[in-house]
Structures are given as C-alpha cells and as structure tokens.
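Right, one structure below, let's go through it.
The values are calculated or read from the model by the stated rules, or taken from the named source; none is laboratory data. This structure is a prediction, so every number in the text was calculated from the model and none was measured. Note: ideal-geometry Cβ built from the backbone for every residue, glycine included; neighbour counts use all protein chains shown. In case anyone asks, the SASA skips ligands and DNA or RNA and just uses the protein heavy atoms, side chains included. Shrake-Rupley method; radii C 1.70, N 1.55, O 1.52, S 1.80 Å.
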Amino acid sequence: MKRRQFVQAGLATIALSSGAEVALSDSGTAPRQGFRRIRIAQWGVRHDHASGKMNDLRLLPDWFDVVGIAAETPELQAKYANTGPYRQLKWMTPEELLALPHLDAVAVETDVHSLLRAAKDCVERGFHVHIDKPLGDQLDQCRDLLHQCQAKGLVIQPGYMFRGNPAVNFATGAVRQGWLGEICDFCADMNKYEVNPLYRQELAAYRGGAMFNIGCHIIDMAVDMLGSPDEIQVIERPVLKDGVSDNTLALLLYPKTIAQLRISFHDVAGFSNRRLYIAGTKGSLELQPMETGFSSNPKALVPPLKIRLTLKESCKEYKAGKHEISIVPPRGRYVNQLIDFARYIRGELKNPYTYDHELLVQRVVLAASGYLPWQKQENKSANT
C-alpha cells in the first residue's frame, strides 16, 4: 500500500531539485472549510512523551479542542497542574474523563505498564485513541485491543513519532520508489545518554530495556520500509549492572537485507548521533541527526533536516551523483502525526497503518526485546 508520505516525498524532490528547502510539515496546513475540531482529552502524565504530546496538541487549536486531562493519581495532578503545557487545563479523574459528553478521542500517556488497560477503557466507550509507545509487553492484550478497534471502526494511532518526520518519510519514499535499488543495508541508531537511577529502575521492569523503550521507534521504521523479517537476532552487552539492557544491537534479517538497529544509553552525544543509513544496489541515503529540535514559535529558526543522497543511476527526480537535500522540520515533534490523527477520525485521510501492521510492529518489538521467539507469519489478521 502506498503511503501518503510517499506522495509528499515526490513533491519534495520536485521542489528540492532547484536547491531550495521545502517544508513537509504542518506549515501552511489548515483544516478544510467546515472542519469540526476533534474534542480530545489526555489520560496520563507519566509517559516520557506526555508533556510533549500535550504541548503539540495545544499548538494545533484549529484541529483539536483539548477539553481536559486526567492524571493517574491526585499526587501527580498536584505535581504537574501548574507546569509547562499543563497550565490552565481542566483537570479531572480518569472516571470523569471517560464520562465526558461528546468526546471524540483520548491521548493515552500513562506509564507503559498501564497503556493498554487505559486504551481499552477508552475504546469500550467508543473513543478513538492515540496511544503512546510501545504497546505494552503482552502480545495478547495488544491483539485484543486492535481487534476491538477494528470491530468498532475506531482509529488507533501508536506514538511512533518518526511517522510524522518529513525526512524519514522522504527516505521511505526513496525506498518504495526504487531509487536505491534492492536494499542491502539498513542501519538505524537511536542512542541517548541515560544514567538516571530512578528512570533506569523503572526501565528494569521490562525485558529488552533500551530496545523496548526507545528502540521500538526504529523497529517501526524498519518494518514500515522492509516488512516482516525472516529472522531476528539480538546481541546485548549491558554497561551498568543494574538489570537494564542498555547497550543492544538487534538484527532483522531479510532475504537480501541486513537491518542493524543499534541502541545505547551511553552515547554522550545522544540525539545528534541518531542516524538512519540505507544502502542498495543503486544508491544510498543518510540522515543524521534524525531530528534537529522544535519550537512553538512559527518564526523560530530551526536547523533543517539534512539528507545525503547518492545515486548510481539517474531517476526522474534526481541525476546520478551526490545530493544534499534540506527539509524543514515541523514546529513540533508530534504535530504532523497528530494532524493525521484528526484527519483519520474525520475520514478525510485513510489511515495507511492497518491493524495488521500495528500488530506486526508490536510482535517485532517484543521479539527484539526478548519477550517471545520470532516466527514469521504471512497474511495473519489482527484478530487471529
């Protein structure tokens, strides 16, 4: 299935062939005339992305009507009520949130352990859900949630943020359109520097540690571009002896492709070293860093995302040789994905990520994290 992003990538190449930068983001994007804003609430403040998600929801007042937020406990509400993007919001209990009249959707931002349970409560009441990542550690629970969404015709959007990253979408388009030929090498690094003992103590409750926690982002990316792997191998070499797998390499093996997914919590350059590299028989593509920063000020100068593209043969969009392509990032890390969420709900855009695809991504995440052995399955639906 072709993704909307692939069309965007094609538009980018036309604009960039003259050397100009192009914005593949929310810039200049507005709802169609007569669009009713999506009434949304957020459940949870404990997820790593919770505050950023609320920040970006509030950056999109033309798309979303944020009607309230529920913290997991009264203590957490007291802690966060007057901080950052949570200021001046209507706070409520989870029970009050679920009883809100005319609510369309819920952004589920609890701790990972509670994500699926909270999302299930929302789906049972007929709400669309944006649920943060990863989708828990129990495959059966994830499958059941996807089945419920499918049966009710509800949108479920996991918080894999690179789905809204225009440079990653460009890379996906290059792979899908065959610019790079047959893909041989796929490398993604999602490193950070994380030695906070409290954070690591929470992470120690999950197998796979860093791969489960943030490696799910690049697993999602690899599965989207390459599909279901034939084999998964994992190499772990923990650095700190606190029970956290903090230094991991996952190999997703395909008939002609080796995908190397690298996670380390001991990279002092962290975010600037997050990298995507794809090589094929006709060319290669590199994106580093994968993100360049964000600002709620639409006039703020944010460094462009830089793609280095090398082609053995000319294609319709580019001549053979080396190209450096600049793409303007979105003004918020999650805004493009959230706009898509609104469009899916309104029926203005078909969700290209099927229930089957979401289940496949979760299966690969759990296999790469040591929760289950990998066995490739063909043509399996989300409710089998």
> Computed on alpha carbon atoms, what radius of gyration and Dmax characterise region 118-207, expressed in Å?
Replying inline: 17.7, 47
>> Could you work out what % of the accessible surface of the chain is carbon and sulfur, using a 1.4 angstrom probe and leaving DNA, RNA and ligands out of the count?
In response: 49 percent
> Taking a quarter of the surface of the convex hull around the Cα atoms of region 209-288, what do you get in nm²?
Replying inline: 5.8 nm²
> What per residue convex hull volume, in Å³, do the alpha-carbon atoms of region 215-357 yield?
Replying inline: 188 Å³
> Which of the pairs LYS152/LYS299; LYS192/LYS322; LYS192/LYS319; LYS316/LYS350; LYS90/LYS241; LYS256/LYS322 have their Cα atoms more than 32 Å apart in this structure?
Replying inline: LYS152/LYS299; LYS192/LYS319; LYS90/LYS241
> Taking only the alpha-carbon positions of region 251-305 and ignoring solvent, what does the Debye formula give for the base-10 log of I(q)/I(0) at q = 0.12, 0.13 Å⁻¹?
Replying inline: -0.44, -0.51
>> For the chain, take N as its residue count and report Rg(C-alpha) divided by 2.2 N^0.38 Å.
In response: 0.96
> So which GluC sites (Glu not before Pro) in region 304-342 end up in coil per DSSP with only 16 or fewer other C-beta atoms within 10 Å?
Replying inline: GLU313
>> In whole Å, what are the extents of region 275-321 along the principal axes defined by its C-alpha atoms, from largest to smallest?
In response: 41, 22, 11
> Given a cut-off of under 8 Å on Cα pairs at least six residues apart, what relative contact order in percent is computed for the chain?
Replying inline: 20 percent
>> What distance in nm lies between label points placed 7 Å from Cα along the C-beta direction at SER272 and GLN138?
In response: 4.4 nm
> How large is the helix-only mean residue ellipticity at 222 nm for the chain, computed as the sum of -39500 (n - 2.57) over DSSP H runs with n ≥ 4, divided by its residue count, in deg cm²/dmol to the nearest 500?
Replying inline: -9500 deg cm²/dmol
> In bins 10 Å wide, starting from 0, what share of all Cα pairs of region 68-173 does each bin hold, as a percent?
Replying inline: 14, 39, 34, 13, 1
